[in-house]
C-alpha cells in the first residue's frame with residue numbers, strides 16, 4: 001500500500017531509532033493493521049441492534065459499512081505518498097489518533113448521519129494506518145525470505161480479521177453493547193500511538209519531496225462515494241425524487257471523468273494507467289473487486305438473516321461465524337503452500353468455484369433454516385473458497401512487478417479490495433432491497449409472511465454474491481496468465497538483493 005520508494009529503499013531515520021527487535025516490530029505493526037481490517041466487518045452483527053436503537057432504515061444500514069470502506073480505499077494511494085514524504089511513523093501516529101477519535105465519536109453516535117460521518121473519518125484514519133504500517137514493515141525487514149514471512153503474516157491477518165470481526169462484534173453487542181465495537185478501538189489506538197517511537201524508528205523516502213495528487217484522490221473518492229450513495233437511493237422504499245438520483249449518478253460520472261483527466265495530465269499521478277498493460281496485475285485487481293464484493297455481501301446479509309429471520313441473538317450470530325473463521329485461515333494456509341508449487345490461477349479458480357457454490361447454498365436456505373444442515377455447509381464452502389482466493393490474488397497482483405512498481409502494485413490491490421467490498425455491497429443491497437415495499441405490503445404484518453418476505457430479500461442478496469464470485473471465476477479463466485509465485489520471488493531476489 002506504500003509507494004514505490006517504500007519497498008525499494010532502506011529507511012532514512014530522522015531521529016534515533018529504537019533497538020531492532022523484529023518480533024516486537026512485526027507484532028506492533030500487525031496489531032495496528034489488524035484494527036483497520038477488523039473494523040471492516042465488526043459492525044455487521046451489530047447492525048440490527050443499531051437499526052432498532054437509532055431508528056435507521058434497513059436500506060440505509062449499508063452506508064455504515066460502505067462509507068468506511070470507500071474512504072479507506074479512496075485515500076490509500078495518497079496516504080502512502082504522504083507517509084513516504086513526511087515520515088511513515090509520523091503518519092502512522094496521525095492515523096491512529098484520527099482513528100481513535102473517530103471511533104469515540106461513532107461510539108457516542110445518536111443518529112444515522114453522525115454515525116456515518118464517524119465511520120468515514122474512521123476510514124480515513126485507517127488509510128493512514130494501513131499504508132504507513134505496511135511501509136514500515138517493508139522497511140524493517142530485509143528483502144527476501146525475511147520480508148516474505150513478515151508480509152505473509154500481514155496478509156494472513158488481513159483475511160482472518162475480516163471473519164474474526166463478525167465474531168467479536170457478536171460478543172460485544174450482546175455483552176457491554178454495540179457502542180463498544182467502537183469504544184474498544186480508543187485505548188488500543190492511543191496506546192499504539194504513544195508507544196510507536198519506542199518500537200519502530202522513523203523513516204521516509206530519500207530524495208526530493210514529490211508532489212501529491214490530492215485532486216486525483218479527492219475526485220476518485222468523491223465519485224465512488226456518490227456512486228454508492230446514489231445506488232442506495234434507487235431502492236423502492238427510499239422515496240427519493242428521481243431527479244436527485246439521476247443527478248447523483250451524473251455528478252459521480254463527472255468526478256470519475258475528472259479523475260481520469262487529472263491522472264493523464266499530472267506529473268505524479270496516483271495511478272499511472274500504463275501499469276495496467278501488465279495482464280496479471282489487471283486481472284488480479286478486477287478479480288479482487290469481485291472477490292471482496294462477495295465477501296462483504298456474505299457477512300452483511302448473513303448477519304441480518306440469522307438475526308432478523310432466524311431470530312438469533314447477536315452473540316449466537318457471532319459464534320456461528322467461528323467455523324467460517326477457522327476454515328478461512330485453513331484455506332489461506334493451504335493456498336500459501338500451493339502457490340509456490342503450482343500457478344496462482346488454478347488455485348484462485350478453485351477458491352472462486354467453492355465460494356460460488358457456498359453462496360448458492362445460502363440462496364437456497366429457507367426461512368426456518370437449520371444451522372447444521374443449511375448454514376454450516378454453506379459457510380464452510382464459502383470460507384474455504386475465500387481462504388484459497390485471498391493469497392493467489394495477492395500473488396498475481398505482484399507477478400512480474402519491477403522493483404520500482406512494488407509500492408504501486410500494493411496500493412492498487414488494496415484499493416481494489418476496499419473499493420470492491422463497498423461497491424459490491426452497494427450493488428447487492430440495491431438489488432436485494434428493490435422489492436422491500438412490495439413485499440412489506442404483501443406480508444401485511446403477518447409474522448410468517450414477514451419472515452418469508454425478508455428471506456426473499458436476503459436470497460436476492462446471496463445470489464448477487466454468487467454472481468460476483470462466478471464473474472470473478474470467468475474473468476480469472478479469461479484474463480489471468482499462468483504464473484508461479486516461486487518464479488516471481490526468485491526473479492526479484494536475483495535482480496535486487498537485500499539492502500542493509
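Derivation of every value follows stated rules applied to the coordinates shown; laboratory data play no part. For clarity, every value in this text was computed on a predicted model and none was experimentally measured. Neighbour counts run over all protein chains shown; Cβ positions are idealised from the backbone, glycine included.
Name the shape class, rounded, prolate or oblate, that the alpha-carbon gyration tensor gives for region 213-267, where a ≥ b ≥ c are the square roots of its eigenvalues, rounded holds for a/c under 1.5, and otherwise prolate holds if a/b is larger than b/c and oblate otherwise.
Prolate, since a/c reaches 1.5 and a/b exceeds b/c.
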Could you sort the peptides 341-353, 120-132 by per-residue average Cβ neighbour count (10 Å cutoff), highest mean leading? 120-132, 341-353
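Give me the extension gain from residue 260 to residue 274: residue separation times 0.36 nm, minus the current Cα-Cα distance, reported in nm with one decimal.
Additional length available on full extension: 3.8 nm.
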By the C-alpha gyration tensor axes a ≥ b ≥ c (rounded if a/c is under 1.5, else prolate when a/b exceeds b/c, else oblate), the shape of region 228-346 is oblate
With a cut-off of 8 Å between alpha carbons and a minimum separation of six or more residues, what is the relative contact order of the chain in percent? 24
Note on region 213-267: contact order normalised by length, alpha-carbon pairs under 8 Å, 6 or more apart, percent, works out to 53
Once both axes come from the Cα atoms, what is the angle between helix 485-495 and the longest principal axis of the chain, in degrees from 0 to 90, rounded to 10? 20
With a ≥ b ≥ c taken as the square roots of the eigenvalues of the C-alpha gyration tensor of region 337-466, please select rounded if a/c is under 1.5 and otherwise prolate if a/b is larger than b/c or oblate if it is not? oblate
In degrees, nearest 10, range 0 to 90: what is the angle between the Cα axis of helix 185-199 and the longest Cα principal axis of the chain? 10
Against the longest principal axis of the chain, how steep is helix 88-107, in degrees 0 to 90 to the nearest 10, with axes from Cα atoms? 20
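Highest mean first, what order results for 252-263, 442-453, 458-469 on Cβ atoms within 10 Å?
The densest-packed peptide leads the list: 458-469, 252-263, 442-453.
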Given (1) 0.93; (2) 1.42; (3) 2.08, the label whose value is Cα Rg over 2.2 N^0.38 Å derived from this model: (1)
Once every DSSP H run of n ≥ 4 in the chain is given -39500 (n - 2.57) and the sum is divided by its residues, what mean residue ellipticity at 222 nm do you get, rounded to the nearest 500 deg cm²/dmol? -25000 deg cm²/dmol
When the chain is fully extended, how far beyond the present Cα-Cα distance does residue 438 get from residue 371, taking 0.36 nm per residue of separation? 21.2 nm
